[in-house]
Each structure stands twice: as C-alpha cells, then as structure tokens.
Amino acid sequence: MVSFLSIAVTGIITSFVLIHVARYISFRLSVRGKLPKAPTSEASWWLGHDYRIAKNEVGVEYGRWTNMLGPVYRIKSALWQSEVVVISDHLGVKHIVDQAYTYIKSPAFQPLVVKVGGRGLVWAEGDEHRFQRKMVSPAFSISAIKKMGPSVMICIDRMIRVSKRNAMTNQPLAIIGQVGFGYDFGPETPNGKAILGAWQKDVQLFSTFSAFLAPILIGIFPWIAKLPIKELQEILLQEPPNMDGTDVFSILVRESWEGKLKPDGERKLDNATLLDNTTSGSVQLTLLDLAQNPDAQARLRAELVAADSNDIDVIESLPYLDAVTREGLRLHPSVRGAHRVAIRDDVIPLKKPVMLSNGETVTSIPVKAGDNFIIPFPVMNSDAQVWGPDAHEFAPERWITEGALPSGSELPHGPYSHISNFIDGPRVCIGWRLAIQEIKLILASMIKNFEFRDTGVKVEKYISPTVQPFVNGQAAQLPLQVIPIQHY
Ligand code: HEM
C-alpha cells in the first residue's frame, strides 16, 4: 500500500525536477542561453571554466575567449553553479557599474567578505552602502589625500634608504608595504626577514588550489568558514601587519572606521592592507616594464631630473610619469575583475551587436534576477580589438601622443580616465586617488634614485589574491638588477 509519506516525497521530488527542467528550458530559449559559450571541452566537469582561469596567468583565458567569441560570452562555473556571462563591451559594462544597486556583488562571496573585512563598505549593499559611503568619503577627498602626501614621502624616503643598502649588498628588491606600514626594514634585518617571509608565504598560500576552492565552497555552504581546518583558517585569518598608530594609514584607518562606523568586533579589511595589496603588484610590474624598456625609463628619469622638485603637486602633474602610471595600471590591473549578480530584471545595452547560437543578432541582453556577470579588467584594458595591435606592449607614449588612443567612447570608463581598474559608478574604488598618488610618488623616487635593468628571468603574473609577480612558481619575486644613481 502506498503511504501518504511516499506520495508526498514523490510529489516534492517531481516538482523539484520539473521546476529545474522548466528553468533549464526557459534559460535555453532565452537570449542569455544562446550567447556564445567558451568551449565545453575546456571546462572541468566539476570546476567548470573557473579553475582554468585561476591556474593560468591573469587575464590569459578571458583574453583568448574574447578573441574567439567577442566581448560577451558565457562560461561554466565551478560546482554546478549558474553560468556566468563575461562582458567587456564598454557600453554594457558602464550600464552594469552605473546600476550598482541592481547589479550587486555576488552574495556567494559575502560570507568571505564579512570574515575578512567585516560589515564595512566593501560588504554593504543598497541603502547601507549609500550611508557608509557618505560617512567614509571625506577621508578620501582630494584635500584629505593631499594632506597625506608629506607622510607618504617620508615613508618612501625610508624605503629608498633601505633599497640603497640592499642594492649594495645585492639583496633583492622588496616593495611590499614599507610605505603603507611605515616600517624601516630590509631583508637583512630580523624584522625585515620576518615580514618579507610572511608576505611571500601569504602570496604563495593564495595561489594554492585550497585558496581557489575555499571561497566557492564557503559561498555555497557558509558554515564551512567555521570549520577548524588549518589551511582554511590560514586563508581566512590573515593578520594585518602591526601598525603603531602614527603612520599615515593607521590614521586613515582610524578616521574612516573607528570614529564613524563603530566596528562590531569583527576583523576589518583596513585601508592600509588594501593599499598594500592593491598597489604593490602593479608598482613592481611597472618597474619590470621600465627595466625592459630602457628608453622609457631614461625618458622618465630625464623628466624627473628636469623638474628637480620634491613638491608633490609638481611630481603628480608630470606628463610622462602620468603616462607611465596609466600604462602600468592598464597592463597590470590588481584584480582579475568584478563579479556582479542582478537582483531584478533589466536590459543591458551593448555597443557591439552579438550573434546568438541561432544566428540572430542582438544589441542588448535581457537580464533576469539572479543572472551573474564578470567584468574582466585585463581584457577591458588590453583587448587588441579596441586598443590596437600593440595592446599588450608597454608603450606609455600612447597616452601623450595625439591620435594614438582610440576615441573615448571605445575605451573603459573610470575615475582615472580610460583605465577600468577602479571600476566606476556608485561603487567606484574609494581609494583610487590615494593609490595613484602613492604609485606616482614611489615610481618617481625609485627612478630618480636607481637604474633598473632586466635580468632576463621570466616573470609570470598570477592573482594571489591580487596581481603578483612569480618566478618558477615562487611568489613575490622581482628579479631586477638595481644600480644606485649617484647624486652630486
Ligand atoms: C591600484 C590600487 C587599487 C585598485 C586597482 C582598486 C580597485 C578597486 C575596485 C575594482 C573596487 C570595486 C570592487 C567591487 O565593487 O567589486 C574597489 C573598491 C574599493 N576600494 Fe579600491 N583599489 C585600489 C586601491 C585602494 C586603496 C588604496 C583603498 C583604500 C585605502 C581602497 C579602498 C577601496 C574600498 C573601501 C572599496 C569599496 C568601495 C565601495 O564599495 O563603495 N582601494 N577598489
């Protein structure tokens, strides 16, 4: 005899299957379901295309698929999560980032964001985000950032002194946070050894398979974050370096968090950590570019010597330094991209029509709540279809030569024009001015004080958790010959 229970269970299972089949059919019939797709043969049955993206050098897979399929295509996600649309069409991207309260950060990553950064600005959405942003913004205004300049310079001078000592003893260059954290260390000091070692360990750790899988698993099963697994806790509980409270970023952190946002006891992703993680890789890789392009390095040095000034406003306004900074950021965005999920139905306009699998061409994508999007910064910044055949070359001149750049409507939108690294719209990076100021001041001091020569060693770029140079799989390596310049 068939019991009521078995009828109920069969009913539930059947409805579950039917709902999924109906969803699948509706997706397949929709425009989204007919968008070009990265080859299924290149996806793992359980890790989708995600692992291939993570284990290859930053931007490589997105770039290859964009060449193959155009600026809008689908990829398969790890662990059978919904497919994701990768979009580098500039009009479409502008629409997504401008509608920041319709396209929110993926809720799957929120448990991790809370764990690492607390319920702060990076985590907040909607009205909570509007409120927090208003509270924190004054600490990042033009005048606030200007006031930090002199303290940044003091830290950079200290870094130059240490780098000179290291160059004389043939120690490797280590630009990993001396500026942000106000440390006076070099790899030969016990403090320096410990910090450099910890940094390299962190970067190495974030390049492991566990570091790839952990956030995905935590997104699906948030309780995993609490399990006492050593590797997991190491990834989640990175302690920020000590700050004695007098360096500029300690002050900044205090102002922006403690005074106004009342921390709830959870660990905060403080601004100094952000600054360090986000700028160090881009700066190191720009120095490598300059070492590999001695003419550009000499032109930059000549500009700095001619300006003969330590005035921050003067340094910040130098045109070739600005061009080098832009070019470094263009080629080495700190992160792989932004992930967004639509929370309501919408339509994304496209600049370039997309051909669907049924031969139809569309100029916009109808969006359903729950659809996922990735904006790949490396592709936005160096797609040869947009930037031209030298898109992947380091050519600062493109920024200052009349007619060398495509028209503005072809290029990414952002607060530092035509660079996608800081995104745009209501969630534009709040620290972008500080980042640019620091990058320019470090590059200026380094190039004035040292000549950098390429050693011919192959350097690769991986996201770990931000872009970092690797040599033979080893993290945080920058093999450059550093020759101090004598000032008379
Ligand atoms: C080269 C350096 C940097 C890059 C490329 C960068 C990039 C970004 C990006 C892409 C976002 C948006 C993330 C998203 O919504 O998915 C962002 C947001 C943010 N950034 Fe930066 N960042 C940099 C430096 C900094 C610095 C120095 C600070 C602070 C001192 C900072 C603080 C923040 C904060 C608080 C947010 C969240 C803003 C919001 O959601 O309203 N960033 N950054």
Give, in nm to one decimal, the length gained when the segment between VAL31 and LEU217 is fully stretched (0.36 nm per residue of separation minus the Cα-Cα distance).
-> 64.0 nm
So who's got an amide H within less than 5 Å of the one on SER30, skipping anything under 5 residues away but keeping other chains? H placed 1.01 Å off N, in plane.
-> none
Calculate one ³J(HN,Hα) per residue across the range 84-101 by plugging θ = phi - 60° into the Karplus curve 6.51 cos²θ - 1.76 cosθ + 1.60, and present them in order as whole Hz with x for glycine and proline.
-> 10, 8, 8, 10, 10, 5, 4, 5, x, 5, 4, 4, 5, 6, 5, 8, 5, 9
Considering amide H positions built from the backbone, and no H for Pro or chain starts, which residues 5 or more places from GLU451, or on another chain, come under 5 Å of its amide H?
-> ILE483, ILE485
Round to the nearest 0.05 the FRET efficiency obtained for GLU360 and VAL314 when R0 = 45 Å and r is the Cβ-Cβ distance.
-> 0.20
For labels at LYS147 and SER3 in the simple 7 Å Cα→Cβ model, what's the distance in nm?
-> 7.2 nm
Karplus ³J(HN,Hα) for the range 45-62 (6.51 cos²θ - 1.76 cosθ + 1.60, θ = phi - 60°; Hz, whole; x = Gly/Pro) runs 5, 10, 9, x, 8, 4, 5, 4, 5, 6, 7, 8, 4, 4, x, 5, 5, 4
SER417 and LEU18 label points (each 7 Å along its Cα→Cβ direction) are spaced in nm at 5.9 nm
Ordered by packing density, taken as the mean number of other Cβ atoms within 10 Å over each peptide's residues, highest first, how do 145-158, 314-327 rank?
-> 314-327, 145-158
Would you please put 478-487, 356-365 in order of how densely packed they are, using the mean number of other Cβ atoms within 10 angstrom per residue and starting with the highest?
-> 478-487, 356-365
XL table LYS105/LYS134; LYS34/LYS351; LYS147/LYS440; LYS164/LYS448; LYS55/LYS352; Cα-Cα > 22 Å flagged, in table order, is LYS55/LYS352
Kindly list the residues of the range 367-404 that lie in the label zone of VAL347, defined by a backbone N under 15 Å from the point 7 Å along the Cα-to-C-beta vector.
-> 367-368
Mean Cβ neighbour count within 10 Å, used as a protection proxy, ranking 423-434, 302-313, 405-416 highest first = 423-434, 405-416, 302-313
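Just so you know, all these numbers are worked out from the coordinates, no wet-lab data involved. Since we're looking at a predicted model, the values are computed, not measured. Using ideal geometry, Cβ is built from the backbone for each residue, glycine included, and neighbour counts are taken over all protein chains shown.
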